[in-house]
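K.L.:
Structure incoming, see below.
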Amino acid sequence: MSDIIEVKNMTSGYQNRPILKGIDFNIREGEFFGIIGPNGSGKSTLLKTLSRSLKPYEGSVHYRQKDINEILPQELAKDFAFVAQDTVFNFSFTVWEIVLMGRIPYIGRLRPETPYDLEMAKESMRTTDTLNLANRFIGALSSGERQMVLIAKALAQQPKVLFLDEPTSHLDIGHQVKILNLIKQLNQKHNITVIVVLHDLNLASEYCDRLLLLNEGWVYKIGQAEEILTFQNIEEVYKTLVIVSRNPITKNPHILLVRKEKT
């Protein structure tokens, strides 16, 4: 697989306060790439910088060997789709209207949708099993339904790269698995490069091809789950005692917490 995104000596943050420092790594085309780390380590900042929501202070992010800041926003929007953690919508929008917004990079905000645009929106909703929600208002949906609608909107963009910021947060285990199974299927079937921030290390272990472990704004380690999710790495970065075993079916690393007894 060739590299689709290259990060070179990148420093990024907010209001002249660096959060990430001297970041270097590559993401391969078609990869399911996970970003993990403690709260405040810079995971969301990294995702926003990779997708050009934030501009780095130093260094660069290249997409297909071109600096993303040199690519026209409307062109990049055809290749990049971002599913944010807490997206706020006007509750008067229907699900159908939300998903159609994914076609804006192709038609603009003033031109009417073509039959192809309408079909792409419908196909995205079929894929995410949300077509039955089309006429409902976004504010009336459950958290799991809303997340599926946002993924449908992202798919309507026909992206080459799909960014997701904690897509399973606040969801029960059934919805977590349903969403990640869908994303994995899209990754494998359509060769969409997936870049996802995850808090749950066991989910990251099961679904991601490679993991980047952040710690205090630095890349602590990058590699496959079995290289990253060792008890030494987790205890060092998360300051928590754990036992790392193996999922008996998939053989991927599985993290067990060790409760500290009161003394």
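Please treat every number below as a calculation from the coordinates, not as lab data. The shown structure was predicted, so the numbers you read here are calculated from the model rather than taken from an experiment. Virtual Cβ from ideal backbone geometry, glycine too; neighbours counted across all protein chains shown.
K.L.:
Using the count of nearby Cβ atoms within 10 Å as a rough guide to exposure, how do R64, R17, R126 rank from fewest to most? Display every interim value, and only then the final one.
P.N.:
On the way: R64 15, R17 7, R126 11.
Ranked by crowding around the Cβ, least crowded first: R17, R126, R64.
K.L.:
I need the shape label for segment 23-128. Rule: rounded when a/c is under 1.5, else prolate if a/b > b/c, else oblate, with a, b, c from the alpha carbon gyration tensor.
P.N.:
Values: a/c = 2.04, a/b = 1.61, b/c = 1.26.
Here segment 23-128 falls in the prolate category.
K.L.:
Also: Give me the distance between the Cα centres of segment 155-221 and segment 57-84, rounded to whole Å.
P.N.:
19 Å
K.L.:
Mind sorting F231, F33 by how few other Cβ atoms lie within 10 Å of their own Cβ, fewest first? If you can, show how the numbers build up before the last one.
P.N.:
Details: F231 17, F33 23.
Fewest-to-most ranking of F231, F33: F231, F33.
K.L.:
Moving on to the next point. Short version: ³J(HN,Hα) in whole Hz for each residue of segment 113-122, in order, from phi by Karplus 6.51 cos²θ - 1.76 cosθ + 1.60 (θ = phi - 60°), x for Gly and Pro, what are they?
P.N.:
6, 8, x, 5, 4, 5, 5, 5, 5, 5
K.L.:
A further question follows. Given a cut-off of 31 Å, name the pairs among K55/K251; K55/K153; K78/K251 whose C-alpha atoms lie farther apart than that in the structure shown. Could you put the intermediate results ahead of the total?
P.N.:
Values: K55/K251 39 Å; K55/K153 24 Å; K78/K251 37 Å.
With Cα atoms farther than 31 Å apart: K55/K251; K78/K251.
K.L.:
Run lengths n ≥ 4 of DSSP H only: what is the helix-derived mean residue ellipticity at 222 nm for the chain, with -39500 (n - 2.57) per run over all residues, to the nearest 500? Mind showing how you got there, number by number?
P.N.:
Details: 10 runs with 89 residues, N = 263.
Mean residue ellipticity, 222 nm, calculated: -9500 deg cm²/dmol.
K.L.:
Would you indicate which of [x] 64, 40, 36; [y] 48, 39, 36; [z] 54, 37, 37 is the value of Cα extents along the principal axes in Å derived from the coordinates of this structure?
P.N.:
Correct label, based on the coordinates given: [x].
K.L.:
Would you pull out the residues with amide H under 5 Å of F32's amide H, same chain only if 5 or more places away, H placed 1.01 Å from N?
P.N.:
Those qualifying (amide H under 5 Å, at least 5 residues apart or on another chain) are V194, D209, R210.
K.L.:
Right, here's the next one. Can you bin segment 174-222 into rounded, prolate or oblate? Criterion: square roots of the alpha carbon gyration tensor eigenvalues sorted a ≥ b ≥ c, rounded for a/c under 1.5, prolate for a/b above b/c, oblate for the rest. Please list the in-between numbers first.
P.N.:
Values: a/c = 2.82, a/b = 1.62, b/c = 1.74.
Oblate, since a/c reaches 1.5 and b/c is not below a/b.
K.L.:
Follow-up question, since we're still on this one. Can you give me the long-range amide H partners of I19? Hydrogens built in the peptide plane at 1.01 Å from N, cutoff under 5 Å, separation of 5 or more residues or another chain.
P.N.:
Correct list: S12, G13, Y14.
K.L.:
With axes computed from alpha carbons, what is the tilt in degrees of helix 173-190 against the longest principal axis of the chain, rounded to the nearest 10 within 0 to 90?
P.N.:
Rounded to the nearest ten degrees, it is 70.
K.L.:
Okay, next question. For N215, list long-range residues whose amide hydrogen, built 1.01 Å from N in the peptide plane, is under 5 Å from its own amide hydrogen.
P.N.:
Y220
K.L.:
For the Cα atoms of the chain, what angle does the longest principal axis make with the long axis of helix 143-156, in degrees from 0 to 90, nearest 10?
P.N.:
60 degrees
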